[in-house]
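To start, the structure under review is shown below, and the notes come after it.
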Ligand SMILES: Cc1ncc(COP(=O)(O)O)c(C=O)c1O
C-alpha cells in the first residue's frame, strides 16, 4: 500500500466555504485591502479573528512567513551589525529574513526536544547579540520559559518563528505570543493556509505600528486613506500586503483550525498509543505543551539504523525520510557567505562565524520523519502501525 505523505495540513481542508468566500471577493471587485468599489474588509476581519484566537492585541497580515519574520526584526530595530541567535534546524527563510535586515544569524545547538537549547543560547551571547529567534520546529514549541528568562537577563528581544506551529501552546498560552512578537506563515504546508501568506502577532502597539508602516511601503496610512510619506514619521519600506482573496480564504480556514488540530492529534495519538515507545524513541517535548502534530518522528541509535528503518518503510510504501538534505548552516549561503550583492553584504559588516552545532548534526542524521496530514484514512493509519510493529519484530 502507498501511504499519502503530504505536508499540506490546511490545504486538505479547502472546501466549499473557502471557494464561496473567494468568489464573494472576486464578485466585489475589491481585491486590495485598502480600496475597492465594494470593499469587504476581509483582511481586517482576519486580523481581528486571529488576534482573538491567539489572545493578543495586534495581528498584522502580510504576504508570507518570511516577510513576517523580517517585519518582526525591522519593528524591533534589528539591523546591520546585529546577531540573531537561532537553531540551524529550520527552513532557510528563518535565517534569510534576518540577513535581509542586514543582521546575521548566529546558529546555536538544539537539545533533545530538537528545538533550540537554552544552554546553547546563553553560552553564545556576545556584545552583538540583539535577539533570539525561537523557532517552533515541526509543530513543537520551544522552551519559552527558559528562553524568556535568558532574554530578560541579557536584555534581548525574543521573536518566535511560529511558521510551523500555529495552534501549539504551553499551559494554554499559544506559541508565537510569548516573546516581543511572533511570525506566522499561511503557506500551503501550514496549519491553515491561503497558498502563501503570513502574519505578525504582538501585544506591543509600537511594534505593530512600525511593522504596519514597513509592510505598506513605509507609508503612514489612516484607515483606507492614501498613505503619506511627508509627516516626518515615515521610513522606507516594502510592499508585504496580503490580498483580500487570501484573507477571505484564511478566515474560512481559521474557522476550521480546531478540527484540523484535533484530526492531527487523533492520528498521532492512535499511532503512538499502538506502538512500543520503548523501541520507537519519539520526540521529547516541553512539560505542559500541546503541540501541532504535523509529523511522526523517531530517533535511532545511529545514522545506519535510521537509514535501515527508512529503507524498510519506503519499501512498504511509507515515505519516512530525513527532515531534509542538510541543516541550513551547511548551505553555501552561509558556509561561503554568499550574498546577492558583490560586496557580500551583510557578511562584510559582521563577524559571522560558522558555529558548530554538534547535537543538531548528530540528531539530524538519526531521526526519521513522516508527514501526518488529513489525507490519512483509517486504513492507512492501521497499516502504518502494523508495519511499525513488523519492523520492531524483525529487528
Ligand atoms: C520554520 C519556517 N520559518 C519560516 C518560513 C517561511 O514562511 P513562508 O514560506 O510563508 O515565507 C517557513 C516556511 O516553510 C518555515 O518552515
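Any read-out appearing in this document is the output of simple, stated calculations on the displayed coordinates, not a laboratory observation. Values in this document were obtained by computation on a predicted structure and should not be read as measured data. Backbone-built Cβ (ideal geometry, glycine too); neighbour counts: all protein chains shown.
The figures follow:
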quantity	calculated
Computed over the chain, the ratio Rg/Rh where both radii use C-alpha atoms and Rh is Kirkwood	0.98
Rounded to 10°, Cα long-axis angle of helix 65-75 versus longest principal axis of the chain	50
The chain: angle of helix 303-315 to the longest principal axis, Cα-based, in degrees nearest 10	90
Unit Cα scatterers, Debye sum, the range 72-120: log10 I(q)/I(0) for q = 0.14, 0.20, 0.28 Å⁻¹	-0.35, -0.66, -1.01
Helix-derived mean residue ellipticity, 222 nm - over the chain, DSSP H n ≥ 4, -39500 (n - 2.57), to 500	-11000 deg cm²/dmol
On Cα atoms only, tilt of 244-255 relative to the major axis of the chain in degrees	50
Proxy reagent accessibility, fewest Cβ within 10 Å first, across 365, 378, 128	378, 128, 365
Sites residue 255 and residue 128, calculated FRET efficiency, Cβ-Cβ separation with R0 45 Å, nearest 0.05	0.55
Distance between the range 103-148 and the range 320-390 - C-alpha centres, whole angstrom	16
Computed over the chain: relative contact order in percent, which uses C-alpha pairs under 8 Å that are six or more apart	23
Net lengthening on full extension, residue 305/residue 16 (0.36 nm per residue, minus Cα-Cα)	99.5 nm
Average Cα contact separation per residue, the range 4-139, under 8 Å, 6 or more apart, as relative contact order %	17
The range 1-158: Rg to Rh, with Rh as the Kirkwood radius over Cα pairs	1.06
Projected area, mean over directions - the range 247-384, Cα convex hull, nm²	12.8
Sequence of 45, 160 once ranked by neighbouring C-beta atoms within 10 Å, starting from the fewest	45, 160
At R0 = 41 Å, FRET efficiency that the Cβ-Cβ distance of residue 392 and residue 146 yields, to 0.05	0.75
Three-way shape label, the range 74-211, alpha-carbon gyration tensor, a/c 1.5	rounded
Modelled label reach - residue 322, point 7 Å along Cα→Cβ, the range 298-312 residues with backbone N closer than 14 Å	300, 302-311
Beta bridge orientation in the chain: antiparallel %, DSSP, nearest 5	60
Ranked 298, 236, criterion: other C-beta atoms within 10 Å, fewest first	236, 298
